[in-house]
Amino acid sequence: MGRIGGLAKAARHDPVEGTRAARAAFDQKFLDEVDPDRILPPEERDRRAKALRRMHFLKMAWRSAKSRRKRVSRREARKQRRIHHDFC
């Protein structure tokens, strides 16, 4: 039901506009982390924030892949146990 509501909202409103404040807050988090006292030049602060944001998403992707590998290995282990059980 949530997916239907989200699509209905997207059909009536600009989704970019609807998430503008959230995206700005998300980006601000990285700017605050790299330069909380605002002592860096804006270009350097932006460069560092961009690198930190990329690191954040790479970590998320790595964790996701690790979780998928773990799921697959558990599935394979169960499959091997069933095969072993059937032949013993």
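Taken together, the values in this text are just the output of simple stated rules run on the coordinates, not laboratory data. Remember, predicted model here, so these are calculated numbers, not experimental data. We place every Cβ from the backbone using ideal geometry, glycine too, and count neighbours over all the protein chains shown.
Points worth noting:
- From least to most packed, judged by other beta carbons within 10 angstrom and beginning with the fewest, Leu52, Leu58 follow the order Leu58, Leu52.
- Order of Val34, Val16 under a 10 Å beta carbon neighbour criterion, fewest first: Val16, Val34
- Calculated from the structure at hand, semi-axes √(5λ) of the Cα gyration tensor in Å is found among [x] 36, 11, 10; [y] 39, 13, 8; [z] 42, 25, 7 as [z].
- Radius 13 Å from Cβ of Gly18, net charge of other residues (Lys, Arg +1; Asp, Glu -1): +2
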